1. Taking the chain, how much of its Cα-Cα pair set, in percent, is spaced more than 37 angstrom apart?
2. Counting only protein heavy atoms and using a 1.4 Å probe, what share of the accessible area of segment 54-143 belongs to carbon plus sulfur, as a whole percent?
3. Please sort by residue number the trypsin sites (Lys or Arg not before Pro) in segment 414-450 whose DSSP state is loop and whose Cβ has at most 13 other Cβ atoms within 10 Å.
4. What relative contact order, as a whole-number percentage, does the chain give when Cα pairs under 8 Å and 6 or more residues apart are counted?
5. For the chain, take the longest principal axis of its alpha carbons; what is the angle in degrees between that and the long axis of helix 652-682, to the nearest 10 within 0 to 90?
6. Which aspartates and glutamates have a Cα lying under 16 Å from the Cα of LYS539, excluding residues fewer than 8 positions away in the same chain?
7. Sequence neighbours fewer than 8 away in the same chain don't count; with that in mind, list the lysines whose C-alpha is under 28 Å from LYS621.
8. Roughly how big is the chain's charge dipole about its Cα centre, with Cβ charges of +1 (Lys, Arg) and -1 (Asp, Glu), in debye to the nearest 20?
Amino acid sequence: MSTSNGNFYQRWSVWIMAILVFLLPLVVVGAVKAKGNNRNDVKGWLPLEYPETQVYRRFRQSFQGEEFILASWEGCTMADPRLDLLARKLLPPPEEASRIDRPLYFKTAQTGPRAVAQMTAEPLNLEPETAIDRLTGALVGPPPEGVEAGSPGDDPSQRQTCLVLTLSDLARANLHGAIDLLKQVATEECGIPADDLHLGGPPVDNVAIDQAGQTSVTILFGLSLVVGFFVSWWSLKSKLLVGLVLASGVYSMFASLAVVWYCGYPVDAILLTMPSLVYVATTSGAIHLANYYRDQLAETGIQEGAAGRAVHHALLPLSLATGTTAVGLATLAVSELVPIRMFGIFSAIGVVVSFLILVTLMPAALELFPPKLRVGRLADGSADAADGAWRPAEESRWWQVGEWITRNHALVTTACLLVMAGVGYGMSRVESSVQLMRLFSPRARIREDYRWLERKLGPLVPMEVLVRIDNQDCGLTFLERMELVGEIQREIGRLDEVGSSLSTVTFGRDLEPGSGGLGGAAGRVFGLSEKTRRSVLNKRLLAHRADFLGGDYLRETVRDDGHAEELWRISARVSAIQEVDYALFKRDLQATIDPILARLTAEGVKGIAVDYTGLVPLVYKAQHSLLDGLIVGFVTDFAIIVVVMVVLCRAASAGLVLLLPAAFPAVCVFGAMGWGNALLKSLDAGTLLIDIGTVMAPSVALGVTVDDVVHFMLWFRRGIAEGLNRREAVMLAYKGCARAMYQSWGVIGIGLSVFSLSPFGPTQRFGHMMLAMLTIALVGNLLLLPALLSGPLGAVFAWSVERIERAKARRQGRRQLHTDPGSDQLPVPHVLPGPAERVVHA
């Protein structure tokens with residue numbers, strides 16, 4: 001890389017900085033736009049080939065009421081005039097709509113009083129008590145605590161109720177605008193205090209995820225930079241070096257986001273962690289590069305060209321760390337889940353871009369603006385250790401720790417492996433959670449809203465049961481079909497998880513025998529037979545079939561085979577704030593409904609099938625697949641890194657040496673979580689559950705861990721190649737890496753730990769996990785790794801390195817003999833450049 005005119009950076013540093021400055025506005029604009037294009041829609045996470053996705057798409061093509069916003073407030077009773085006022089302002093009657101100068105975000109607006117009025121009018125003519133009873137738990141709240149429904153103390157006009165809005169196409173394209181308009185009209189035009197207004201429903205969840213994710217990432221990343229600055233200053237003691245380390249990380253982070261924007265892909269909650277990964281990887285590499293730079297100054301005392309020489313020494317380990325991490329992340333592109341696939345692709349691109357920025361920005365800036373470092377030289381050639389100056393590694397406490405480890409490597413290795421095995425066994429006790437509310441902190445406004453709404457009204461999360469009836473194959477009458485739906489609805493209502501349910505039967509005439517509205521009692525007065533009464537009732541229902549089809553619980557469609565099919569929707573509501581195992585709940589539903597279908601089959605009834613869909617099974621499938629995909633991706637990434645190290649070092653022992661320290665933090669942290677979960681459950685004190693934020697951390701932390709391990713192993717390999725014994729090679733690696741390792745931990749681990757202050761659940765747990773994993777990774781890299789290299793495993797690795805060096809020497813000797821036949825001696829093996837000769841021998 002050196003020439004008579006200086007090395008690459010001495011000649012091209014001005015051009016490099018000019019290009020980076022020129023690209024900076026494009027990078028910043030792209031990053032800002034990418035962050036503003038944050039959209040989270042769980043429905044789009046699953047690929048179209050999944051059966052759950054296909055069923056849900058068919059459901060959405062027929063029904064839209066599943067996407068609802070529910071609004072209520074303190075004092076929102078059946079007699080509250082503000083309720084109808086808010087409904088009319090948000091969805092005015094057709095004759096008033098033309099005079100309203102604001103977007104019409106809502107398709108329908110239903111309230112408790114409106115629903116009761118519709119059910120007590122023609123043609124249903126239900127009693128008000130019956131109507132309120134059917135709507136309890138959905139649109140109308142239960143009676144006050146201690147008061148029985150229908151008793152003298154139960155005043156229906158004082159029951160809690162709500163406004164339920166379904167979205168128009170305009171609102172689905174602008175959820176934030178729809179919810180902001182709802183809040184504005186409620187507070188400014190209807191006199192509802194903002195603190196008393198409570199909102200719920202899937203669109204509210206999506207908007208809350210967007211807002212929490214954006215706000216927390218923006219504020220907390222800035223705070224992490226401040227923490228990182230002070231930790232870097234304590235470590236590097238140079239304003240310029242600290243600034244360049246942080247500038248490299250931030251520039252790379254912005255560049256990775258800009259790539260997403262210019263590729264036209266929206267940022268989701270999973271992809272929001274990608275900039276953190278890039279920042280972590282770049283900062284770790286920049287700290288290593290800063291240490292290489294200072295070592296060059298300490299060894300040569302020449303500042304001119306020091307940046308180029310530092311890059312020359314750091315290029316191989318940095319390239320290996322970048323390449324293995326990028327390849328591992330790129331393997332996530334084979335995932336079926338869209339967020340994981342895009343996370344893998346853009347993270348791999350971001351890591352490669354960060355490497356290019358790291359090896360251009362930092363050395364070019366060091367050549368143009370060399371820092372004034374207090375590094376003198378003593379008579380023996382060693383660095384001056386004056387106060388505040390850059391002290392040699394031999395004077396650090398870690399050097400003494402390293403010497404002790406090399407002397408007691410068997411004890412250290414045994415202790416670390418026993419801890420790893422004992423704590424790691426707790427991984428069998430780890431449990432995962434896919435509860436949507438865990439995305440938010442316990443005190444988040446949306447969780448408070450859901451707790452209030454479920455206490456006042458009932459559970460809110462919809463689980464859709466779709467009864468499909470083939471009109472050609474099924475011989476049931478319309479009355480019998482309604483009776484079937486009513487029976488399924490009653491059985492579903494007996495499940496503990498179900499708070500309420502709605503269907504066509506809820507908004508239809510009473511089907512019970514003896515009811516006055518369907519000709520039962522009236523039929524008996526006129527002496528009609530049961531068969532005749534049912535025939536009359538069926539005809540009256542058929543007369544109003546169009547009204548039922550106009551509602552939101554019955555549709556008629558044509559299948560691909562040309563058969564007409566009726567879709568009868570039963571919308572069951574389950575809790576959003578309780579830990580519901582949706583897989584078990586779905587099995588309970590099937591166990592409840594299957595006997596009914598089996599009985600009909602035994603009676604010769606055909607053409608009936610049941611689908612289970614809605615956000616509940618979709619979120620369950622998506623998040624469980626997400627957790628599984630991230631775990632598989634982490635393992636795959638890990639395996640590829642091990643294989644690459646084995647191939648490059650041409651020694652299987654290299655893979656095993658890398659495997660144990662790199663797996664050490666993940667095994668210990670997740671094992672400790674499993675033991676902690678078991679302890680908390682035994683004390684009835686809650687649970688420690690794994691969710692998205694928890695599983696994201698190992699993939700991000702792996703980049704730093706592998707970076708440190710690769711640097712350490714390559715320094716060890718260099719020492720063996722230069723003729724040092726294993727213990728001396730380990731100390732050489734300590735000299736080259738230990739300082740950078742704990743500095744990386746300080747800047748990255750402590751810096752990212754501020755994310756634990758986030759109100760957004762995944763970000764909060766990501767901060768906790770990053771600090772825990774990087775701390776344990778530091779212990780593994782500075783204790784377990786040198787102990788392994790000092791022991792039998794290191795002996796095998798060293799033997800492989802020596803064998804390769806001897807082969808290289810023989811090839812070099814043959815080439816020399818070929819060019820100089822008179823020579824009868826083999827050359828001395830080539831000694832790699834580096835500070836090995838300055839190792840203090842024990």
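The values are calculated or read from the model by the stated rules, or taken from the named source; none is laboratory data. Everything numeric here is computed off the predicted structure, so don't read it as measured data. FYI the Cβ positions are ideal-geometry reconstructions off the backbone, even for glycines, and counts take in every protein chain you see. Accessible surface areas use protein heavy atoms only, side chains included; no ligands, DNA or RNA. Shrake-Rupley method; radii C 1.70, N 1.55, O 1.52, S 1.80 Å.
1. On the way: 193699 of 354061 pairs.
Across the chain, Cα pairs with separations above 37 Å total 55 percent.
2. On the way: 2080 of 4090 Å².
Of all accessible area on segment 54-143, carbon and sulfur atoms account for 51 percent.
3. Working: sites: ARG429, ARG438, ARG443, ARG445, ARG447; in loops: ARG443.
Passing sites in segment 414-450 are ARG443.
4. On the way: 1277 pairs, mean separation 152.5, N = 842.
The normalised contact order for the chain reaches 18 percent.
5. 40 degrees
6. Partners within reach: GLU480, GLU483, ASP510, GLU530, ASP547.
7. LYS35, LYS43, LYS586, LYS681
8. On the way: 76 positive and 81 negative charges, 566 e Å.
It works out to roughly 2720 debye.
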